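Below: the structure, in C-alpha cells.
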Amino acid sequence: MSQIPAEKLKEFLIQDKLIGSEEFDALLLESIRLGQDVVDILISKNIISSKYFISLLSRYFGIEHADINIASLDESLVRLLPEDIARSRRAVIFKKNEDGSLDVAMENPSDLETIEFLSSLLKTSLNPFLATSDDLNHIFSVYSQKFTKDFKKLIEENIRASLGSKSKGLEEAAADVPIVALVDNVVSYAFSLGSSDIHFEPLENFILIRFRVDGILREIVQIPVDVLLPMVARIKLLSSLKLDEHSKPQDGRFRYKIGKEVIDVRVSIMPTFHGEKAVLRLLPSTQKPMSLEELGIDGSLVPTVKENIKKSFGMIIVCGPTGSGKTTTLYSILNMLNTPEVNIVTVEDPIEYEIKYVNQTQINAKAGITFANGLRSILRQDPNIILVGEIRDEETADISVNAALTGHLLLSSLHTNDATTAIPRLLDMKIPPFLVSAVLNIIIAQRLVRKICSSCIISFKPDQETISSIKRQLKEIDPSVEDPVIPKTLYKGAGCPVCGGTGYKGRIGIFEILNISENIRNLITNRDFSLDFLKSQAKKEGMSTMFEDGIKKAELGATTIEEILRVIRE
C-alpha cells in the first residue's frame, strides 16, 4: 500500500504529532514480523485514517489526488488501455485534455517506467494523478461491464464446444479446454463482481449458476445439464477430490490466480436429487488487518472492547448467524493481540485466512480432531490466547469455560440472535451460572449490512411508511419510549456502473456489545434469572441494540433503513 519510505513516513507522522519515534519503530518491527504493510497496521490501530494517508501520499509525491466521477466517466477513454495492462500497471486513463495529453490515475505516480511505457503505447504525453486501490477498483468496473455483456456469449461458446467433445473418462473430460474455460470464466466473472460465493445448482432441466454479492444471491445464467458431470469433475480435479465419488459430500480447496490477484477457493460438493451441487467460496489469499472502527464498531465502544481483549483470561464471545462476519471480527481481534510475547493457538472449521505467527488447526473429524479434542490438545501447548471457531456442544463449552478460568484468554463464536441471548445459550449447555458469570468478559453480536455505493449516493426525506417502520422497531426494543427520535434525512444509492445498478457496494457491520459488569454478573447468578431483566439492565448501562446502531449508520449515510430492517428481521 505504501510507496513512502519508512523513514519519510515516520518523519511526516512525527511532524503531524500523530506518533512518537519509539512507537513508530515498534510498529515498523511488528509489520516486518507479521509480513504486513506498516500503513495497514497504523490504520488498523486507528493511529491514522485512510483519508489522512491519501493526503500524505499527495504531499509526498507533490501530485494531486485524482478527482474522478465514475458516473460521467468516458468508457472509450478508459478502454484506451487494455484491461490486463491497466490491472497489472495499476493505472487508468480518465480524462483527455485539449492539447491531446491524457490524465492517468495511478497507484504509484512516481513509477516513471510505467509512465514511459504507457506514453509510448498510447503515443501521447501523460499527466499522472494519485489514485488509491479503491479508486482503481471502482474504475475497473467499466471493464467488468463489458465482461458482463460478453460473459453469456463466452459461456455459450464453451458449452457448445464441450458438448461436441468426444472425451470419454471424467478425468479426460475435466481437462478438456472448453470445460476448463467454462469454469475459469465463471470464477473470473464472479471475482470481477466482488462475489463471495459461486453456486452451481443442478435442477431438473438446467444448471443454475448464482453468485452471492454483498450477501445477496443473484441469478447469473442457466446452462445445460449435460455439462454438469465434466464441470463438477473439473472443480473436483482442481480441489484434489475424488472424481468417482458421487454419493457423499466432499470438501476441498484450491488457489486461483487472476492477473496479479491470488484467491483461495474453498469448495463444497454435495449430492442432490438432480446431481452434485458445487459451492465455491472465494477468499483473498491474504487479508488486510482491519481496525475495530473499520469493522463498523462505534468509536465510543472501541475502548470497552480494547479493555476487555487486554485481559489475560476470560471469554470473548462473538454472536450471529452464519455469514454475519463473526470470523472477520475474531481475526481482527487476534491481529491486535498478535505480539511476540504471546502464544496464540486456534482450532477452526475451516481456516479462512492464514495469520502469521498464529498456530492454526483445522477441524478434521476423520482424524479425530473435533473442537473438543482439538481444544484439549491445545491446552497442552502452553497457549496464552485460544480461538475456538465455534462453541457447538456441551463438551466444547465445558472445556472452553475451564480454559478461560485457568489463565487463558479464549475467543469464540455462538449462533445466537443477539448479545444477551448468548448467556441462556451457555446455561442451556449445562454451564453452571456461577461459571458463566465468572468467565465472561464481553459479548459482541453482529450482522452485516450492505453499504450504500459512494459513487451514486443520494439523500431523501423518509416517507410516512418508513417512519412508522422505524418507530415500531424502536418501540419493540424499548416500550417505555413514547416518541422515538427519527432521522430527518436518509440516504440510498441511485444505481450506477460501479454497483451494477444495485445502489450498494461492500458491507459493514452493525453491532450490539454487552460488557459484563458486576450488575450483569449478579443477574446471571440470581435464582430468578430472566432474559427480560438482563436486557433491561443492559439498556440501563447504555447498551445499544443492533437496530439502534444501524439507525446511526443509516443517518450517517453508511447504509439504508431497508438493509437494517432486512437483516434484523431475518
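The values are calculated or read from the model by the stated rules, or taken from the named source; none is laboratory data. For clarity, every value in this text was computed on a predicted model and none was experimentally measured. Heads up, the Cβs are rebuilt from the backbone with ideal geometry, glycines too, and the neighbour counts pull from every protein chain shown. Accessible surface areas use protein heavy atoms only, side chains included; no ligands, DNA or RNA. Shrake-Rupley method; radii C 1.70, N 1.55, O 1.52, S 1.80 Å.
For this structure, a couple of remarks:
- For percent of Cα pairs over 34 Å apart, calculated from these coordinates, the label among [x] 55; [y] 50; [z] 46: [y]
- The simple spin-label model puts a point 7 Å past each Cα toward its Cβ; for ASN402 and ASN137 those points are separated by 4.4 nm.
- Table column - 3J(HN,Hα) (Hz), region 467-475, Karplus curve with 6.51, -1.76, 1.60, x for Gly and Pro: 4, 5, 4, 5, 4, 4, 5, 5, 5
- In this structure, ILE467 and ALA494 have a Cβ-Cβ separation that, at R0 = 35 Å, corresponds to a calculated FRET efficiency of about 0.95.
- Per residue, in Å², the accessible surface of the chain once ligands and nucleic acids are set aside, probe 1.4 Å: 48 Å²
- For the chain, the share of DSSP beta bridges that are antiparallel, to the nearest 5, is 65%.
- The chain, accessible surface, carbon-and-sulfur percent (1.4 angstrom probe): 50 percent
- Placing +1 on each Lys and Arg Cβ and -1 on each Asp and Glu Cβ, with no other charges, gives the chain a dipole about its Cα centre of roughly 620 debye.
- The GluC sites (Glu not before Pro) found in region 319-394 that occupy coil by DSSP, while having at most 10 further C-beta atoms within 10 Å, are GLU341.
- On full extension, the segment bounded by SER285 and TYR52 gains 81.2 nm, given 0.36 nm per residue less the C-alpha separation.
- GluC sites (Glu not before Pro) lying in DSSP loop within region 226-285, provided at most 13 other Cβ fall within 10 Å: GLU245
- Among 375-381, 14-20, the order from most to least packed when residues are scored by Cβ within 10 Å on average: 375-381, 14-20
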